[in-house]
Amino acid sequence: MHHNDTEKKYSCIIEECLWIGMIPIAIVSFLLSYLNMYTSVQIIQVIISLVLLFRFIFMLIRYKKFTVDALMSIAIGVSAIEGLYVESALIALLYAIAELSEEYAESYAAKKIRGLKDLVPRRVKLKRGNYVVETSADNIRAGDEVVIGHGEVVPVDGIVVSGKAIVDTSIVTGESEPLEVRKNGLVRAGYVNIGESFVVRAQRTVKESTLSILVREAERALAGKSKIQVLLDRMAPWYTLFVLSAYGILVLYLGFTRALPVILAGCPSAFIVASSFATLYSIGLLASRGIIVRGGHVLEKLRSIDVIVVDKTGTITLGELKVVHVKTLTNNISEGTALEMAASVAQTSRHPVSRAIMSSYKLYGGKTLPVPQNAREIPGRGVEAKINGDRTVVLGSKQFIEEKTGVRVPDVCAGLRAVYLAENNIPIAAICLEEHVDESLINEIRRIAESLGAKIIVASGDIEERVKRVAERLGAEYKARLDPMGKLELVRALKSKGYKVLAVGDGVNDVAALAEADVGVAVGELSVVAGVADAVVTNISTLPQLIRAGKGYFKALIYSFTVAAALKFVALAAGFAGAIPLWAVLGLGDDGSTLLAVATALISLSRSIKS
């Protein structure tokens, strides 16, 4: 295994050096042609052609992979021999840039995944008898007790043995709602302590923790996710064999010179340059709209998606809450009065629930609120304050209210997110909230799925009732309470059934699934997640534009290749008929078809992407 990893590492280095070296060589060749140093230019370009030919032979023998290098070798070599030095240099330059960008995208993704490891603290505090010692996180063993201070990240999976943990689990689960973990409860590596200090007994080492397993699985998924063969790569074996076979047969009957129109008109540069321009234009146009795509192979794969697996929180819902109902628990208070009391306390907090209550109160024209006194917020649990001097009001979770009042409160929000209100130790109301979903966005995603003939699956770490509500609005299937490995296994299961999967997510918990999917789309700009994904969108509302671009990209390639092939056929026929000289065969079948193919691709893309 170590030998294979080393071989892959050095193979990648050699690949990058090849393309990095070819770019300045092609530029020098391009410049020398304008200085009339044709002999030097021709030697350089023939050498480039031979290097590509040797690489083609190596890839065929070593990896049984038929690459486009054979076609490029013919195009560059024939152009150089025929004295078309500028065209030869341009073909080499475009090809080197395209290949280098692919190599860079893959290595960049791998580096970003390794960045996940930085989320685990390097130094930790361990209990040793009556003392606390600071040591490296790598020294943690199963059974060790780790002290987690406020604001610190839990380094290992373990059991809470002292204190009560109030943790932010969003890095691991993607859910923004804080989690309260009591004694003997489980916490995972990557959770962030937002409450008071607590002690965790490690169940395993750092390398065996949930977060470390997530890193390894994402790395494995990327390693197995070889670059898709773009349309030109799939054409290469048959096209090359056809051109060479036709030339060989015609040589037997017509001789080397009279058979040359097949090679001249058959140069694949029209296809290569057209596809390069189409890719650059598509990527550039999408980038201007805040959509980053890592290569033409990503755009091509988008047209064949069967299943869209989409995260909920931060992706569809964006984590914004709104008040749906106010339900009173006593006959002595109205819904309006309960909302006013809740807003009075909520104005002292910046928690998403508090902000949603304030927004709802203002939306319905609430009057000026009294200023609360002695306000105190308990992170992840609730907030309490005095109103009008003599009324103690508490706003918080069900458990928090029950602890404060000693009264058991009923579940009245039917799967919605609930926050309870108590006055002077008496529960008086429940405020039911749900995550805000843009209806126009829901309709757009549904239309895109229908146009692809794809089904949608909402995959989330949230509870079933909340995930189900969002999925029903999308007309989608759903999977709830999924941890990062659960999302990964879902994508793997779909792929094993032959589905082409598009995964969309915004958090670290989505990284492995994005890496495993045929196309992974990151929502937002979280560096680790964006680095792993095939495409990055600022928000999910731009996802339809990306998918339309993918469909338009493939059509543009088909149109441009068709017109190029037609013009090549005309040049070939005219050359054999003796109607035009050999230089005109190359000019019409190569340069002419290239310009026509590029123009066709750009016109087609402009219509599809800008629509």
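For the range 550-578, name all the residues that are more than 22 Å from LEU595 (Cα to Cα) and among the small types (Gly, Ala, Ser). Selection gives GLY550, ALA577, GLY578.
For the range 248-272, the set of residues classified as within 30 Å of ALA549 (Cα to Cα) and either without any contact (Cβ under 8 Å) to a residue 60 or more places away in the chain or out of contact with any Leu (no Cβ under 6 Å at 6 or more places or on another chain) (or both) consists of GLY266, CYS267, SER269, ALA270, ILE272, listed by residue number. Kindly indicate which of LEU280, LEU285 is closer than 30 Å to ALA513 by Cα and without any contact (Cβ under 8 Å) to a residue 60 or more places away in the chain. On inspection, the qualifying residue turns out to be LEU280. Among the residues examined, ASP506 does not qualify as modelled with pLDDT of 85 or more, assigned by TED's automatic domain parsing to the domain that holds ASP306, of a type outside the set (Phe, Trp, Tyr) and farther than 30 Å from SER79 by Cα.
Checking each residue in the range 428-456 for being under 19 Å from VAL324 (Cα atoms) and crowded, with 19+ Cβ neighbours inside 10 Å picks out ILE428, ALA429, ALA430, ILE431, LEU433, GLU434, GLU435. Number of residues in the range 139-168 that are within 13 Å of GLY185 (Cβ to Cβ), touching a residue at least 40 places away in the same chain (Cβ under 8 Å) and of a type outside the set (A, V, I, L, M): the value is 2.
No other residue among THR317, THR330, THR337, THR313 is touching a residue at least 24 places away in the same chain (Cβ under 8 Å), of a type in the set (Ser, Thr, Tyr) and surrounded by fewer than 21 Cβ atoms within 10 Å (Cβ to Cβ) apart from THR330. Against the numbered list (1) at pLDDT 85 or above; (2) out of contact with any helix residue (DSSP H, G or I) (no Cβ under 8 Å at 6 or more places or on another chain), LEU395 comes up short only at (2).
The values are calculated or read from the model by the stated rules, or taken from the named source; none is laboratory data. Keep in mind the model is a prediction, meaning the values are calculated, not measured. Positions of Cβ are generated from backbone atoms using ideal geometry, with glycine treated the same way; all protein chains shown enter the neighbour counts.
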